[in-house]
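Scroll down for the structure; my scribbles are underneath it.
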C-alpha cells in the first residue's frame with residue numbers, strides 16, 4: 001500500500017504546476033495550441049471472461065473517437081472519448097459463440113516536459129493518466145448470463161518520447177532530370193507508454209448472476225464488487241501527427257491497450273490493438 | 001550519441017512490438033479444447049463450486065464423477081461424450097440444469113415426476129364458451145354460470161401488461177372467485193410472477209426469501225434476502241383465488257406458487273409443482289458447448305429450501321384420464337369457490 005501511495009505521488013506531482021509563477025503560467029496556458037480531435041479506426045480486440053467461459057473471444061471493432069488536445073513543447077494534455085462497437089467469436093473445439101461488445105473509454109492524461117540532454121529534436125514528457133473503461137457484452141449462448149458488463153478505473157503512469165520530423169527549409173531533390181521541391185513541413189512521431197499504478201474494477205461476484213430480479217428488487221449491479229489494487233493495465237501508442245498550413249493537423253495512431261481484473265475466480269482480461277485516423281481542428 | 005539514440009529507438013520499438021499482441025498473461029490463456037476428460041472435469045468442477053442444491057438433493061458429487069468419468073475414453077465421439085456429461089448432470093434431478101450443443105440439449109424431465117394434470121381440449125369443449133377471450137398471455141372467460149372467472153396462463157413470456165390484467169380482472173370483479181390455471185406452465189420471466197401476484201394482495205406482503213451461492217463450499221451462501229411485494233395500485237382482485245398446478249408447473253410457475261403460500265386468499269390445488277426454484281446461471285465448456293445450473297436457493301418464510309423439489313398443493317386433485325369430458329381438478333376448484 002505504501003509503495004502504491006508513493007507511485008501515486010510520482011504520477012500526480014507532474015499534474016500540479018509546482019514552482020511556477022501564476023501569471024506566467026496563465027499566459028502560457030492561454031497561448032497553448034488547442035485541438036479538437038475527431039477520429040475513426042479499426043480495432044482488433046480479445047477478451048476472456050473466466051466466469052462464463054474458458055475461451056478467448058477475438059473480434060473486430062469499429063472505433064469512433066473524440067477528444068480535446070492541448071499541446072506545446074512543455075506540456076500536453078488530452079481528454080479522450082473512445083467508443084468501440086464490435087463482434088467477437090469464441091472458437092470452442094466443437095462449436096463457436098458470438099459476443100457483441102460495446103466498449104467506452106474515457107481518459108484524461110497530462111504530460112510535462114523533462115529536459116533531455118542529447119538533442120533539441122527529441123522531447124520527453126512524463127505524467128499520468130486516468131482511464132475509465134466500461135464494457136457491455138451480449139452472448140445469447142450464455143442463458144441468464146447473456147449480458148456481461150464491467151467497469152475498470154485505472155490511474156496510470158505515462159511517458160512519451162517525441163521526435164520532431166519537421167522539414168524546416170525547402171529541399172530540392174534531383175532524380176535524373178526531374179527536380180522535386182520538398183516543401184517545409186511540420187510533423188512529429190511520438191511513442192507513449194502507459195502502465196497502471198492503481199487498478200480498480202467493478203466486477204460480478206462469485207455466482208456472476210445476481211438474485212435481485214428473483215426478490216423483486218432489480219439492481220443493475222447486483223452482486224458486483226468494487227475491487228481496488230487488483231489486476232493490471234498497460235498500453236502503448238505510436239502517434240504520427242502532421243500539421244497543415246491552416247494550423248489543423250492530421251494524426252495516425254496505433255494504440256495497444258490491455259487490462260485485467262486480477263483475482264483467481266471470475267478473472268476478466270481484455271486487449272485492444274487499434275489503428276485510427278483523426279483530424280485535429282485547431283481552436284486556439 | 002547517435003548510436004545511443006538508435007539503441008533507444010530500437011528498444012522502444014521492441015517494447016512496442018512486444019506489447020502489440022494479445023498478452024496471455026493479461027487476457028488469459030485460450031483453453032479451447034475437445035479432450036473429453038478436460039471438458040468433463042471442467043463441467044464437474046463448475047457444478048461442484050457453484051451449484052446450489054447439492055445438500056438438499058443428497059447427491060454425492062465425487063461419487064458421480066467416478067461413475068461417469070469412467071465411461072469416457074480418448075477417441076469418444078462428441079455425441080457420446082455429450083450423453084455421458086448430460087447423464088451426469090441429470091443426477092442433480094433439476095429442470096434448471098442443461099447441457100447444450102449444436103446437436104442436442106440434455107434435460108431432466110421434471111414433468112414426468114407426476115401425471116399430466118390437464119387436458120386443454122376438455123376445458124375448451126366442456127367449460128369455456130366457444131368465443132373465449134384472449135388477453136395477451138391469458139385465455140379467459142366466465143364458467144359455472146358466470147359465478148367464476150377462469151384464467152388460463154400457460155407461459156411466463158414477460159409479456160403480462162397492465163391492460164391485459166386490468167381487462168380480465170375488471171370483468172370478473174363481481175364473481176365468487178377466480179381460477180388461475182398454471183398447470184403445465186414451464187415458466188419464463190420471473191418479473192411476470194410479481195406483476196401477477198401484485199393483483200391479488202391488498203397490503204405489502206413478504207413472499208419468500210432467496211440466497212445466493214457465494215463460494216465453493218456446499219453451504220457458502222449469502223444471507224437470505226426477502227422478496228417483498230407491494231399491491232398493484234390499479235385493478236385488483238382480493239376475493240378467493242384457486243391456482244391449479246401440476247408437475248409441469250415449473251420455474252417461474254413454482255416461484256408463483258411459493259409466493260402464493262404467503263397470500264391468505266389464494267389456494268394451491270392439483271399436484272406438486274416441478275420445482276426449479278434456483279436461478280440458473282450459464283457458462284461454456286472448452287469445446288464450446290454451454291451449460292446452466294442453479295446458483296440460488298429459494299426459501300419459505302420459515303427459511304426452508306425443500307420446495308425446490310416441488311411446491312405442494314394445499315388441496316391435492318388429479319385429472320382422471322378415463323373420463324375426458326370432465327376436468328376433476330377444475331371441478332374441485334369450482335366446488336371450493338362455490
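Listed values, structure above:
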{"quantity": "Per-residue Cβ neighbour rank within 10 angstrom, fewest leading, B:123, A:175, A:136", "calculated": "A:175, A:136, B:123"}
{"quantity": "Other protein chain Cβ atoms within 10 Å, averaged over every residue that makes up B:275-286", "calculated": "6"}
{"quantity": "Whole-number D in µm²/s for the stretch B:241-337 (Stokes-Einstein; Kirkwood sum over Cα pairs; 4 °C, 1.567 mPa s)", "calculated": "87 µm²/s"}
{"quantity": "Acute angle (nearest 10 degrees) that the helix A:22-31 long axis makes with the longest principal axis of chain A, alpha-carbon atoms", "calculated": "90 degrees"}
{"quantity": "Modelled FRET efficiency - R0 22 Å, residue B:45 with residue A:138, Cβ distances, 0.05 increments", "calculated": "0.25"}
{"quantity": "Isotropic mean projected area of the C-alpha convex hull, the protein assembly as shown (nm²)", "calculated": "40.4 nm²"}
{"quantity": "Residue list for the stretch B:294-328, given a label point 7 angstrom along the Cα-to-Cβ vector of residue A:146 and an amide N cut-off under 19 Å", "calculated": "B:294-295"}
{"quantity": "Between helix B:162-171 and chain B: long-axis angle, C-alpha atoms, 0 to 90°, nearest 10", "calculated": "20 degrees"}
{"quantity": "Relative contact order (percent, whole number), chain B, Cα cutoff 8 Å, 6+ residue spacing", "calculated": "19 percent"}
{"quantity": "Inter-chain shielding of A:90-100 (mean C-beta neighbours from other protein chains, 10 Å cut-off)", "calculated": "6"}
{"quantity": "Among B:113, B:197, B:244, residue whose mean-square fluctuation peaks in a GNM of chain B (springs only between Cα atoms under 10 Å)", "calculated": "B:113"}
{"quantity": "Descending semi-axes in Å of the stretch A:139-284, equivalent ellipsoid built from Cα gyration tensor", "calculated": "49, 16, 14"}
{"quantity": "Two-site label geometry, residue B:303 and residue A:163: point separation in nm, points 7 Å out along Cα→Cβ", "calculated": "6.9 nm"}
{"quantity": "Rg/Rg_globular for the stretch B:81-222, with Rg_globular taken as 2.2 N^0.38 Å and Rg from C-alpha atoms", "calculated": "1.36"}
{"quantity": "Sum of -39500 (n - 2.57) over DSSP H runs of 4+, divided by residues of chain B (222 nm, nearest 500)", "calculated": "-9000 deg cm²/dmol"}
{"quantity": "FRET efficiency, residue A:226 to residue B:125 (Cβ-Cβ, R0 60 Å, nearest 0.05)", "calculated": "0.50"}
{"quantity": "Distance between the stretch B:228-306 and the stretch B:27-88 - C-alpha centres, whole angstrom", "calculated": "28 Å"}
{"quantity": "Paired Rg and Dmax values of the stretch B:44-107, which use every Cα atom, in angstrom", "calculated": "11.9, 36"}
{"quantity": "Chain A: angle of helix A:2-15 to the longest principal axis, Cα-based, in degrees nearest 10", "calculated": "40 degrees"}
{"quantity": "Test item: A:107-117 mean partner chain Cβ contacts at 10 Å", "calculated": "0"}
{"quantity": "Most mobile listed residue (A:140, A:27, A:159) in chain A, GNM with C-alpha springs under 10 Å", "calculated": "A:27"}
{"quantity": "Relative exposure of B:249, B:238, A:209, judged by other C-beta atoms within 10 Å (fewest first)", "calculated": "B:238, A:209, B:249"}
{"quantity": "Inter-centroid distance (Cα atoms) of the stretch A:203-280 relative to the stretch A:130-191, Å", "calculated": "17 Å"}
{"quantity": "Sorted by Cβ neighbour density within 10 Å, fewest at the top, the residues A:225, A:174", "calculated": "A:174, A:225"}
{"quantity": "Residue A:202/residue B:326 FRET efficiency (R0 41 Å; Cβ-Cβ; nearest 0.05)", "calculated": "0.10"}
{"quantity": "Highest-MSF residue in chain A out of A:215, A:130, A:250 [GNM, Cα springs under 10 Å]", "calculated": "A:215"}
{"quantity": "Per-bin percent of Cα-Cα distances, chain B [10 Å]", "calculated": "5, 22, 26, 19, 13, 7, 4, 2, 1, 1, 0"}
{"quantity": "Inter-label distance for residue A:282 and residue A:240, nm, one decimal - labels placed 7 Å from Cα along Cα-to-Cβ", "calculated": "2.2 nm"}
{"quantity": "Inverse of mean 1/r across different Cα pairs in chain A, Kirkwood, Å", "calculated": "21.2 Å"}
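Every number here is computed from the coordinates shown, using simple stated rules; none is lab data. Source: prediction; values computed, not measured. Note: ideal-geometry Cβ built from the backbone for every residue, glycine included; neighbour counts use all protein chains shown.
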